[in-house]
Amino acid sequence: MSKADGDPRQRRPNIVVQEMTEDTIKFVLTGTDTSIANALRRVIIAEVPTIAIDLVEVIENSSCLCDEFIAHRLGLIPLVSHKAADMEFPYDYAGDDETVTDVPIELRVKCVSDQTEDVTSNDLLINGDYTQYDTVKPVHYRPSGRAFGDATASGAPADGSQADGDKHPILILKLRKNQEINMRCVARKGVGRDHAKWQPVATAVYRFEPEITINEDLMATLTEEEKIKFVESSPTPVFRYNDQTRKVEVNMPESYTYDGECLKWAEDMGKPGLVDIRAKEDTFLFTVESTGALPPETIVLNALKVLDTKLEMTKSELDIVKSEMDTAGVE
Amino acid sequence: MSRYSMKCDGFDQGTGYLPEALRGVARNHLASFDYFLDHGLSDVVRCLDNISIQPSGAQNTSSSPRFKMWFENISIGRPIREDTTAVRARDPRVFPRECRESSNTYKAPMLATVAWTFGDVGAIFRREFRICMFPVMVASKVCNLFGFSQDELICRGEEGHEMGGYFILNGNERIIRLLVQQRRHYIMGMKRKAYSSRGPIYTHYATAIRCSANDEHTSTVRIHYTSDGSARLVFVHRRKEYFVPAGIILRALAEFSDSVVQAIVARGLTGLGAQVFAIERIRIILGEAATFGIHNKVQALAYLGEHFRAQLDANPWETNFDVGKRLICEHIFIHLQSDEDKFNLVLLMMQKLYALVAGQCSADNPDSLMHHEILLPGILMQIFVREKLQDALHKAKIALNREFEENPNHASADDGEWLSQVAIEAITKTNIGRLAEYFLATGNLSSRTGLGLTQTSGFTIVADKLNYMRYISHFRSVHRGAYFAELRTTTVRKLLPESWGFLCPVHTPDGSPCGLLNHLAASCYIHVACESTGEARDRARSQVLKVLSSAGALILHGSTSLGSAPPAHLTVMLDGLILGFVADSDAKVVVSALRAAKVSGSNGVSSHLEIAHIPLSSCGYGGAFPGLYLFSTSSRMMRPVIQQQNRITENIGSLEQAFMSIRCPDGRQKPTCIAEHAHEENGPGTILSVVASLTPWSDFNQSPRNMYQCQMAKQTMGMPLHSFCYRPDTKIYRLHTPQRPVAMTGQYDKYQMDNYPLGTNAVVAVIAHTGYDMEDAMIVNKGAMERGLGHATLYKTETVTLVAGSDENFGQCNVIQQKLGSPIAFTEKHPFDPDIDTDGAPRPGSIKQAGSTLCSVVDRSTGRVRLHKIKGSDHVIIDRVSISSGKASKGQTETKMSVTVRCDRNPIIGDKFSSRHGQKGVLSFLCPEEDLPYIEKSGSRPDILINPHAFPSRMTIGMLLESMASKAGALDGRFIDASPFQAANDETHIISPTREYGEMLRKHGYNYSGSETMVNGLTGERFDVDIFVGLVYYQRLRHMVSDKFQVRSLGPNNPLTQQPIKGRKAGGGIRFGEMERDALIAHGSSYLIHDRLHACSDRHVTSLCTYCGSLLAPGANIQMAATHQVHASGAGNGQGRLHSFDDIFPRKVSCRVCNTGTGVHNVALPFVFKYLAAELAAMNIRIGLEVGDDRV
C-alpha cells in the first residue's frame, strides 16, 4: 500500500465522481481490476454498518396485524445512521459504559377517529434522553407529535409543513377506531450480511465501460435506411445517426448493456464486424443508490474504510504467519 | 383520504352482496338445499304412506275401524338455541360463527304436523310438534345469514364473501360431495357379462331405466333378455333383486291383444327378419305368462300380489289384487302414474332390447357423461329424510301395536289423543336430526334400503380452508362413486369426449383418484327444478306438448293403441313418459321449434329443457337407439352455449350435446369440415374448471403440467380467509405478503381472487449457478427473504375440554385457595407455572417455547392439576384464547378452552415453492445478496434462481412466457392478460405473445427475448451468456421442513424388542429396512451395518453358556445379587441397556442347565434375538448357539 515500494506493476486506483445527488452517486473507478471493484461492491452491500430496529417489545397491539409482522416492518424502516460510526456492535460490546449499542425508539398510537388511521415512520418517538443519538431517526422524519391517545393530533407533521411528494413517510400499519399499538423498539448497529435491513444501499453496481469502434469502411456500404435501422437495432441509444455527416456515430457508450442486439443485426445483415465492442478491463462505472440511511458518498467512503481494515487485518495476520515461518526456518 | 388506500376493486361496492361468479360456485349446493326446504320436504310428506293399525280385537275386514296416522306437513325453521328458556334475554338466533367456535352443529328445529283418524268417525285430528333439530346448510333460505349484505356478514364474524353451501357439524365445515349417477328416465341398452351370471338362461343383454318419483326417490327397472327368447323384468326392493317374467308385467299393466303388442315391438326394428324375430319373442313372453294361468290384468295382479305379500308387508285386510296394484305402483316405473304409460314404456324398453340383441343399435356406454347425472346435496337430504320418516312411522306403528296389545280396549276417538301421543313419542325418539348429523359428520350412510345409491360412505368431505382455490374446488368436485375407486379396470377413469364442456379435462388429481374425482367446468351447473310436482309440472308438460303438436308430432292421448306408425317414426319421451311420435323427416323441425320455445322464455317451456334428438342412424345399424328424449327434471349437468343464428344463449345438457354440432373457435378463419353449426361455444376456455382457468397461458404448457398446477394451487399458502380471529380451525396457513400476479387470466378478477391471493411476484433468473439448483432445487435471495418474500404464519388451535361432570376448572393451584379456603401451596408437585395466568390460560401475545404449558386445569375437589403442554417442536406465540361451554352429547354441559397459537413459518432451507406451471422446487440455499449474480444494467439481484434443466423435458413454455410478459408488464406499469386460447378467440388479429411482449420489452430498452447481461457476484466477472430474467408468480406450498424433519440420536424404544420406535411425533427413527440393508451389504460396508442395525438399535449384552449354547439358561445367583443391591441402584443411571445385569455381576452367573458358571460368557447381540429365543422356547423349540473362537 505504501508508495515507497515503487513496483512498476503497481496500479494507481483512481476515483472520479461523475454525478452525485442526495441518494445516488455515480463514479468511475479506474486503474484497478475486477477483484477490487467487486470487493468494493460487496462491501457496500454487505458490510457497511447502519442502524436499524432490532428488538421490539410489544406492550399493546390490538391492530389486525400480528406482532411479528409489525416488528418485521419496523426493522425494515431505514434509520439515519451517521451515529453508526460511534456505536458498537452488540456482539462486540465489552461492557464499558462509554460505548452505546442500543438506541430506544417508541411507537404509541391509538386510533380514536372513525377514519382509518395510518401509522407511519413519523409516529416513531425518538427518545430525548439520548440527546446525542437523536439523529438516529427514520429517513425524512417529521415527528407527527401524535402522543399516545391524543385525539387532536393528526397524522400530519407537527410543524404544519406539507411533506413534499417525494418524501412521504413510510407506512407501518393502519388502525381502525379503538385499535392501539404500543411498542418499545431498540435500534442497533449491524451490517447487511446479517440481515437485509442493515443494507445501506438499494443497489450498488458497477459496469464495464464498453469500447466501441465502428468499422467505417463497412459502415459506408450500408444505405441510409440501413444505417438508421442499425441505430434502432440497439434498445438503448448507443449509436446516433448524424444527419449532417450521414454517418453513424457512437452516442452514449455507457448506455450499452452488452445485449449484443446491434451485433446480431449486423450479422443478420451479412456484415459481421460492422462494429466492435469490447469491455475495458480496468474501468468500472459505479452506481450506488442509498436507502437514505447514509449519504451515498459516505457509504462509499465507509466501504473503503472497511476494505482497508480488512486488508490491514489480513496483512497483520500474514505478518504473524511470516514471522512464525521465519522462526521455524531458523530452527 | 389516505394516500395509501388501495384500490378495492374486488368488493362489489355497489350492492354489497356476493358477486355473480362467486355465487355460482356454491350454487348447486344452495339451490338444491333450498329446493329441499321449499318443495322436497312437502313432496316427501305427500308421497309417504300412512300407517294404519287395526285393534287386535277387531275383525280383519276392510271396513273395521282402524287407527290411521300420517304426516301432513314438515318444515324446517331458522337455527335457534335449543334451550331458549335459559338465555331468554339474549338473541335466540344461532349464527354459524358461534357453532364453529363452540364446536357445535348448526341446526334448526324441524316441525311436523301429524294427522290421524280413528274409528269410523271420519274426523281428522292434527297436532304439530318438533321432531328434532336438523342440520342446516349455511346461507340457505332458513340460515340466519340469508339475505345478509357484506357488512352484515362481517358483523357476524363471517367472510364478506361468504358463499355458504356447507353444513357445520361439531364445529367442522362439511360439504356433501356431488356424486355421479346414472341418468334418470333414459333407457340404457346394456351389454354386460355380469348379467349372464343372473341365472342359467340369462344373456348379456338388458335394457335399464332409472326412475325417479316425485319425491326424488329412485328405483331402477331392467328387462333382461333370456336365451330361451323370453324376458325378465327386474326391480330392486330392500337391496334384493326380484326377477319377474315380463309377460306377467305386461298382462298386469294393460288389457291388449297379442298381435298389437307384437306389432308395436316389431316397429322398433328395421328389416323383416328382425321384425319377425321380435314378434316371435313376444309370442314366447306372453306364452310364458299363460303357463302361469295368466291371461288378463286381474289374474296378473292377483298373481303378483300373492307372491309379494310378505315382501311388501301387506296388511291382513289387503287382497292379493290390492297388493299387486301396490307392487306396480311402488316398484315398476315409479315416475309414471297411469298403467298405460307404464305399458308403453315396457314396450319401448323391449323395442330397444330387441334392437340391441339384433345388433341394430349399440349398447350405451355407462361410463359416458351423456348417460350421467349428479346427485345433488338437497336431493340426497330429501331421500335420506324420506327413509328416516318412513322408519319413524314404522317405529310408531310398532309402538302402537304394542299399545293395542296391552290395552285392546282402545276403540274410541278419545283414545286417539293418547295413541297419537304414543306415536309422536316413538317418532321423536327416532331423532332424525341426530341421524342426519351423524350422516353429515361422517359421510357414512346407515340405511335400510341404501337409498338406491351404490355406496355407503364418503358422502361428505371437509371444506378445507387451506386456501381459497382449494375451498372453491371442493364445491366444484364431482366424484364418480366409491365403487369405481376399487375397480381394477381403468375404463371408468378415461377422459371421454362426451364430457367436453362439463367436466374439466385438466383438473383431476394424479394418483389413485385420477379420473374419478373430476371438477365441473367453470360454466357448468347442475339444474335444480323449480317445482317437481303438481300443477307446475303438468303445466310445463302441456306447454311442451303444445309446441310438439303444433310442430307436427303425433301425440298419444293416454291410449295404448298406437295405430300403425311407420318404422321411421321416433318416440318422443319427456322425463320417461312417452308423449307420442314424430316422423324422422319432421324431427328437425320439431327440435328447432322446441329450441326456439326453450330460449324464448315466454311460453312456459323451461329454459333448462334438454332436447336430445338421437337421429335414426343412416345405415340402421350400430348407432344409438333413435328417439327424441326430453328432460326437464333436476340433477342434470347443463352449460351455456350460443345459438349461432340469433346469438341467444341456450343451456344444453350432456345427452343432447353429443348429438349437436357446436362450433368452437380454434383460431382458424374458416369453419372446419362439418358444414353446419347450429351452436357456438362461448370460447375454448369454457372447458376449464375454476382452478384450471387461473393458470396463465396454460395452452402453451404440456398438459400434465397444468394438472400438476391444479394440484399445487390447492396446496398453496395464501390468504385463506379474513376472519382469522373467529376461526378455530386446527391449521390455517397465512402468507404475510401475498400479491396480485402481474400476469393473470380473465377469470382471476371474475372470481375476485384479489381478496384471497396466494403468491408473490418474484424476479426469477434461469441460470445454473453454484450447483445448489440441481434437481429442481432453487436458490432464494437471502436479502429478498429477509425483506419478506414468502413470509408466512401457521395458526394452530388446540382445544382442552374439562371432564364433564367433574369439579374441574381452568386455573392454577391458587384457585383452590380461594374456593376452598384451605390453602394449597404451590409445592413441588403443584408448581406455579409462570407461563400461564391464574385463570389457567396463557397470555395472548406471549411467546412459548416447545414443551411449555399451554393450559392448566385444576380439580377443585381433589386439588389435582392437569397441565397441557404445547405440541410440536417449535416455539409458538399465543394468538387467542377462547372459552366456550355448550351441551355435550349426554346432555351435560361441556366447557372447552381453545387456544390459537401462531408459528413462524418464514422460508428456510427445505421449504417447497412452485410457479403456476407445475414447476415445483425446494429451497436449497438462501444465498447472501452480495454473492448473487446481478443484472449489470440495473444492479438488481434476482429473488429466485432456477435451473434451466427444469424446462426442456417439461416444456412449460407458459412459464417462460409469463416471465417475459410480467417483466414487460412491470416495466409498462400494467397487468397482463394471460388467458389461455387468446389466439383462438381473436381470429382476425393474432400476434404471438412472444412478439407482443418482446416488442414491449424492447420499447423499454430491454432485450427482446427477455435476457439480461449478468455479473457473477462472487467473482465480479460478466457471464459469457445472457441470462433469462423475468417476473414469475411464485406460490409457497404448505409442505415445509419444520413439519417434516425427523431426526433422533437417543429416544424412546419399543419395550418388547428394545428397537427404536417409529413415528415422527413420538420422536422415533426412520426405518432402515431390508432394501437399505441390502444396499449396505452390496457395498460391503459391514461396519456401517453393524452400527445402524446393532449399535444404534437394540444392542444387548447378555450371558451365553458356551457348553449348552443356550441364551436363556444362564441365570444370576439370586443370593449373590441381593448382597450387591446397593451397588446396583448406584450404577443404574437410567441407561439400563448399557449396564446390563451381567455388567454389574460378572462371573456370578451360572448356567442352570450345565450347573456351572465356567462356560458362561457375555456376548453382545440384538435384543430381538434373545426375545426370539424366548418365544421359541415357549413353543418348545430350543435355540442353541455354537460358540467358537473366531480368531482361529
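Full extension from B:Glu417 to B:Ile1061: what is 0.36 nm times the residue separation minus their Cα-Cα distance, to one decimal in nm?
Values: separation 644, 0.36 × 644 = 231.84 nm, distance 6.60 nm.
Between B:Glu417 and B:Ile1061, full extension yields an extra 225.2 nm.
Give me the 1.4 Å probe accessible area per residue for region B:184-364, excluding ligands and nucleic acids, in Å².
Numbers: 6460 Å² over 181 residues.
Heavy-atom SASA per residue in region B:184-364 reads 36 Å².
Within straight cross-link reach of B:Lys598, meaning Cα distance under 21 Å, which lysines are found once same-chain residues fewer than 8 apart are removed?
B:Lys546, B:Lys588
Work out which helices of chain B, taken as complete DSSP H runs, extend at least 18 Å along their axis over the Cα atoms and score a mean Kyte-Doolittle of -1.0 or more, then list them.
Those that pass (Cα extent of 18 Å or more, hydropathy at least -1.0) are B:272-291, B:339-357, B:377-406, B:413-430, B:534-551, B:587-600, B:957-972.
Kindly state, to the nearest 0.05, the FRET efficiency for A:Ala279 paired with B:Thr489, given R0 = 45 Å and r defined as their beta-carbon distance. Mind dumping the intermediate values first?
On the way: r = 65 Å, r/R0 = 1.45.
E(calc), rounded to 0.05, equals 0.10.
Counting pairs of alpha carbon atoms under 8 Å apart in space and at least six apart in sequence, what relative contact order in percent does region B:371-489 give?
Here the relative contact order equals 22 percent.
Can you spot the aspartates and glutamates whose alpha carbon is less than 16 Å from B:Lys342's alpha carbon? Ignore those fewer than 8 places along the same chain.
Cα-Cα hits under 16 Å: B:Glu255, B:Glu330, B:Asp575.
So which residues in region A:14-60 end up with at least 10 square angstrom less accessible surface once the other protein chains are there, compared with the chain by itself, probe 1.4 angstrom?
SASA drop of 10 Å² or more in region A:14-60: A:Thr34, A:Asn38, A:Arg41, A:Arg42, A:Ile45, A:Ala46.
Just tell me which lysines come within less than 17 Å, Cα to Cα, of B:Lys141; anything on the same chain fewer than 8 places away is out.
Here the lysines satisfying the reach criterion relative to B:Lys141 are B:Lys107.
How about region A:8-72: which trypsin sites (Lys or Arg not before Pro) there are in a DSSP loop, with at most 14 other Cβ atoms within 10 Å of their Cβ? Could you put the intermediate results ahead of the total?
Numbers: sites: A:Arg9, A:Arg11, A:Lys26, A:Arg41, A:Arg42; in loops: A:Arg9, A:Arg11.
Loop-located and lightly packed - A:Arg9, A:Arg11.
For the full complex of protein chains and a 1.4 angstrom probe, list B:Glu162, B:Glu1175 by accessible area with the highest value first. Don't skip to the answer; put the middle values down first.
Values: B:Glu162 20, B:Glu1175 90 Å².
Sorted descending by solvent-accessible area, the residues read B:Glu1175, B:Glu162.
As a test of the definition: with a 1.4 Å probe, what buried accessible area, both sides summed, do you compute for A against B, in Å² to the nearest 100? Kindly include the intermediate steps, with their values, before the conclusion.
Numbers: alone 18950 and 53130 Å², together 68810 Å².
That pair hides around 3300 Å² of surface in total.
Could you look at the protein assembly as shown and say what percent of its accessible area is carbon and sulfur, using a 1.4 Å probe and all protein chains?
Details: 36170 of 68810 Å².
That fraction is 53 percent.
Leaving ligands, DNA and RNA out of it, work out the accessible area of B:Arg663 with a 1.4 Å probe and give it in Å² to the nearest 10.
In the full protein context, B:Arg663 sits at about 40 Å².
Given the -39500 (n - 2.57) contribution per DSSP H run of 4+ residues, what per-residue ellipticity at 222 nm results for chain B, rounded to the nearest 500 deg cm²/dmol? Walk me through the numbers before you get to the answer.
Working: 33 runs with 330 residues, N = 1192.
It comes out at -8000 deg cm²/dmol, rounded to the nearest 500.
For labels at B:Arg1182 and B:Asp228 in the simple 7 Å Cα→Cβ model, what's the distance in nm?
7.3 nm
Normalised by the residues of chain A, what does the relative contact order come to in percent, with Cα pairs under 8 Å and at least six apart?
Numbers: 603 pairs, mean separation 84.9, N = 331.
The normalised contact order for chain A reaches 26 percent.
Give me the accessible area of A:Leu76, 1.4 Å probe, in Å² rounded to the nearest 10.
For A:Leu76, solvent-accessible area is about 60 Å².
Sticking with the crude label model, points 7 Å out along Cα→Cβ, report the distance from B:Cys1096 to B:Ser861 in nm, one decimal please.
Here the modelled spin labels are 5.2 nm apart.
Tell me, what is the FRET efficiency for B:Glu425 and B:Arg46 to the nearest 0.05, using R0 = 30 angstrom and their Cβ-Cβ distance as r? Mind showing how you got there, number by number?
Working: r = 24 Å, r/R0 = 0.81.
Efficiency, from the Cβ-Cβ distance: 0.75.
What order do B:Asp151, B:Asp1078, B:Asp943 take when sorted by accessible area (1.4 Å probe), most exposed first?
Details: B:Asp151 110, B:Asp1078 70, B:Asp943 30 Å².
Largest to smallest exposure gives the sequence B:Asp151, B:Asp1078, B:Asp943.
Please work out the average accessible area per residue across region A:216-273, using the 1.4 Å probe convention, and give it in Å².
On the way: 3260 Å² over 58 residues.
Dividing the accessible area of region A:216-273 by its residue count gives 56 Å².
Is there a pair in A:Lys167/A:Lys189; A:Lys189/B:Lys731; A:Lys197/B:Lys731; A:Lys26/B:Lys1003; B:Lys782/B:Lys967; A:Lys83/A:Lys305 whose C-alpha atoms are over 27 Å apart, and which pairs would that be? Walk me through the numbers before you get to the answer.
On the way: A:Lys167/A:Lys189 24 Å; A:Lys189/B:Lys731 38 Å; A:Lys197/B:Lys731 31 Å; A:Lys26/B:Lys1003 25 Å; B:Lys782/B:Lys967 22 Å; A:Lys83/A:Lys305 16 Å.
Among A:Lys167/A:Lys189; A:Lys189/B:Lys731; A:Lys197/B:Lys731; A:Lys26/B:Lys1003; B:Lys782/B:Lys967; A:Lys83/A:Lys305, the Cα-Cα distance tops 27 Å for A:Lys189/B:Lys731; A:Lys197/B:Lys731.
What does the charge add up to near A:Leu175, with Lys and Arg as +1, Asp and Glu as -1, over the other residues with Cβ less than 11 Å from its Cβ? The partial results should precede the final answer.
Values: positive: A:Lys110, A:Lys174, A:Arg176, A:Lys177; negative: A:Glu117, A:Asp118, A:Asp123, A:Glu180.
Residues near A:Leu175 contribute 0 overall.
Indicate, rounded to the nearest 5 percent, the antiparallel portion of the DSSP beta bridges found entirely in chain B. Write down the numbers at each step before the final one.
Numbers: 152 of 171 bridges.
The antiparallel fraction comes to roughly 90 percent.
Determine the dipole magnitude for chain B: charges of +1 sit on the beta-carbon of Lys and Arg, -1 on that of Asp and Glu, nothing else is charged, the reference point is the Cα centre, and the result goes in debye to the nearest 20. Walk me through the intermediate numbers first.
Working: 127 positive and 117 negative charges, 260 e Å.
Computed charge dipole of chain B: roughly 1260 debye.
So how exposed is B:Ile1181, as accessible area in Å² (1.4 Å probe, rounded to 10)?
Here the accessible area works out near 80 Å².
Please sort through the DSSP H helices of chain A and keep those with an alpha-carbon extent of at least 18 Å along the long axis and a Kyte-Doolittle average not below 0.0. Don't skip to the answer; put the middle values down first.
Values: long enough: A:296-330 (50 Å, 0.06).
The qualifying helices are A:296-330.
Within region B:919-955, what residues put their amide N at less than 11 Å from the label point 7 Å along the Cα-to-Cβ vector of A:Thr309?
none
Just need the relative contact order of chain B here, percent rounded to a whole number, with Cα pairs under 8 Å and 6+ apart.
Normalised by residue count, the contact order of chain B is 9 percent.
The values are calculated or read from the model by the stated rules, or taken from the named source; none is laboratory data. Because the structure is predicted, anything quoted here is derived from the model rather than measured. No Cβ is skipped: glycine too gets one built from the backbone with ideal geometry, and neighbour counts run over all protein chains shown. Ligands, DNA and RNA are stripped out before the accessible areas are found, and what is left, the full protein with its side chains, is counted by its heavy atoms. Shrake-Rupley method; radii C 1.70, N 1.55, O 1.52, S 1.80 Å.
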